[in-house]
Amino acid sequence: MASLQPLDASKLSYTYTRTPQQVPDQETLKLTHGTICTDHMIIASWKAEAGWSAPELKPYGPLSLLPSASCLHYAYECFEGLKAYRGYDGKLRLFRNDRNALRLQMSADRISLPKFDPDALESLIQTLVATDGPKWLPKERAGDFLYVRPTIIGSDSQLGVAAPKEALLYIIIGYMARMDAPTGGKRLLTSPEGMIRSWPGGFGHAKLGANYGPSVLATQEAYKQGFHQLLWLYGPDGDCTEAGGSNFFVIWKRKDGKKELITAPLDDNLILEGVTRRSCLELARERLSDELVVTERKFTIGEVMEAAAEDRIIESFAAGTAVSFIFPVFETELHTDCSKWFITAISMIQHRGKDTTIPTGPDGTPAHYTSKFKQWLGEMMYGPVEHEWVKVVSEKEDTI
């Protein structure tokens, strides 16, 4: 039997668009319901008996799928989200995209989609960013970003629950409208009784489309009540898990007087291991060990409310790559420098009709520790700090 072909970035072929798009202005973006993507995408197909095809860089456009494609019926679909950042020094950067590649492989494994070489995916992401970055994120847009979305779907015609025999990997880049941070900090409503986002032994730890659609119903109700997102709770005690699609952090004084940074653990597979989450924890352990105890454990909404009542809450924040565009449209407005919302301050949590106020900086801005994490990560993403987590992209000029 012939060996299966691996995903091989060195075999990438190039077909550049003959009908390049005009890059829209921010006002056009704000009024556009769908996501506008850049001129090109990368795609590779997989078959169980052959392995991966040679990847192609080609004009962005529709995929060809049969109505019986397995992704449409049984949710064989996983994806990643990361950003390409235009630094204030003019350089184009990717932040820890090796972690995104590894996480996509984990998500694919969870739903029986094919294995691939994470290094090859990382290389393909860099190539697509290098191709479309100069036009869609030019140097005069320093401090801004593009959103990169690698995706794998089951593509075989299969009405029956079985591991897919065919799949598609594709990478696209979204050009997103910039939106201002919520006035006064982020307001959270705890998830309604009888509704959970994930469960032990499930797939909350994988980045699957099936994790997100079912959460929208409750989130829409939270929007109507004037909140920005849900704080998802789990279990009879109300364990705090995630704030919308972001990891949730609290900094408080423990009863023994020590200051602690706490977030939910990974061992029960309830939450996604966020790249920003990992980075905050690593930075805290490296740079703040003399100030903060860093803890990953289950903690409840009752503990949060008790700490607030005893004036022990120091601050709280949500962390995640896509946190910059998860707010509802009615709460947003255009802003000229709002691209660093990978971390957002939380100012209030309402649980079963009772409000808990969380300290922030002036007007809901990030407080002391939240500001430190934003500053440290922002300096890596946008310069001037060079760091092992960051890759500078060698841009391709005049491809269109």
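The values are calculated or read from the model by the stated rules, or taken from the named source; none is laboratory data. Predicted model only: the values in this text are computed from it and were never measured. Positions of Cβ are backbone-derived with ideal geometry, glycine not excepted, and every protein chain shown enters the neighbour counts. Remember, those area values only see protein heavy atoms, side chains included, never the ligands or the DNA or RNA. Shrake-Rupley method; radii C 1.70, N 1.55, O 1.52, S 1.80 Å.
Kindly indicate whether any position in segment 21-31 is within 28 Å of SER112 (Cα to Cα) and of a type in the set (S, T, N, Q).
no
Is there any pair with a first residue in segment 207-224 that is under 28 Å from GLY353 (Cβ atoms) and a second that is in a helix (DSSP H, G or I) whose Cβ atoms are under 8 Å apart and which are 6 or more apart or on different chains, and what are they?
Listed pairs, sorted by first residue: TYR223/PHE330.
Of the conditions (1) part of a helix (DSSP H, G or I); (2) closer than 19 Å to LYS372 by Cβ, SER215 clears all except one; give me its number.
Looking at each condition in turn, SER215 falls short on (2).
Do we have LYS135 as open to solvent by 40 Å² or more (accessible area, probe 1.4 Å), more than 24 Å from HIS205 (Cβ to Cβ) and of a type outside the set (Gly, Ala, Ser) here?
In short, yes.
How about segment 257-302: which of its residues are acidic (Asp, Glu) and either farther than 21 Å from GLY204 by Cβ or touching a residue at least 12 places away in the same chain (Cβ under 8 Å) (or both)?
Residues satisfying the conditions are GLU260, ASP268, GLU273, GLU282, GLU286, ASP290, GLU291, GLU296.
Can you pull out the residues in segment 328-353 that are at pLDDT 95 or above and either open to solvent by 20 Å² or more (accessible area, probe 1.4 Å) or over 11 Å from SER316 (Cβ atoms) (or both)?
Of everything in segment 328-353, those that are at pLDDT 95 or above and either open to solvent by 20 Å² or more (accessible area, probe 1.4 Å) or over 11 Å from SER316 (Cβ atoms) (or both) turn out to be MET348, GLN350, HIS351, ARG352, GLY353.
What residue, among those in segment 372-400 that are part of a loop (DSSP other than H, G, I, E, B) and among the polar types (S, T, N, Q), is most open to solvent (accessible area, probe 1.4 Å)?
If we take residues in segment 372-400 being part of a loop (DSSP other than H, G, I, E, B) and among the polar types (S, T, N, Q), then SER394 is most open to solvent (accessible area, probe 1.4 Å).
Is it the case, given these coordinates, that SER68 is at pLDDT 95 or above and within 21 Å of THR151 (Cβ to Cβ)?
yes
Which residues, taken from segment 354-371, are open to solvent by 60 Å² or more (accessible area, probe 1.4 Å) and without any contact (Cβ under 8 Å) to a residue 60 or more places away in the chain?
Listed by number, the residues that qualify are LYS354, ASP355, THR357, PRO362, HIS368.
I need the full set of residues from segment 162-180 which are open to solvent by 40 Å² or more (accessible area, probe 1.4 Å) and either modelled with pLDDT under 95 or within 20 Å of MET305 (Cβ to Cβ) (or both), in order please.
Answer for segment 162-180, where residues must be open to solvent by 40 Å² or more (accessible area, probe 1.4 Å) and either modelled with pLDDT under 95 or within 20 Å of MET305 (Cβ to Cβ) (or both): just ARG178.
Out of the residues in segment 297-317 that are out of contact with any strand residue (DSSP E or B) (no Cβ under 6 Å at 6 or more places or on another chain) and among the acidic types (Asp, Glu), state the one that is most open to solvent (accessible area, probe 1.4 Å).
Looking at residues that are out of contact with any strand residue (DSSP E or B) (no Cβ under 6 Å at 6 or more places or on another chain) and among the acidic types (Asp, Glu), I get ASP311.
Do you know which of the residues in segment 225-271 that are under 24 Å from the mean Cα position of the chain (by Cα) and over 30 Å from SER289 (Cα atoms) is surrounded by the most Cβ atoms within 10 Å (Cβ to Cβ)? Full working, then the answer.
As a first pass, look at segment 225-271 and keep what is under 24 Å from the mean Cα position of the chain (by Cα): 226-234, 239-251, 261-271.
If we keep only those that are over 30 Å from SER289 (Cα atoms) too, we end up with 226-230.
Numbers: GLY226: 12, PHE227: 23, HIS228: 25, GLN229: 27, LEU230: 23.
Going through the qualifying residues, I end up with GLN229.
When you look at LEU283, is it more than 21 Å from ILE343 (Cα to Cα) and open to solvent by less than 10 Å² (accessible area, probe 1.4 Å), yes or no? Spell out the reasoning first.
On the way: more than 21 Å from ILE343 (Cα to Cα): no; open to solvent by less than 10 Å² (accessible area, probe 1.4 Å): yes.
Against the criterion (more than 21 Å from ILE343 (Cα to Cα) and open to solvent by less than 10 Å² (accessible area, probe 1.4 Å)), LEU283 does not qualify.
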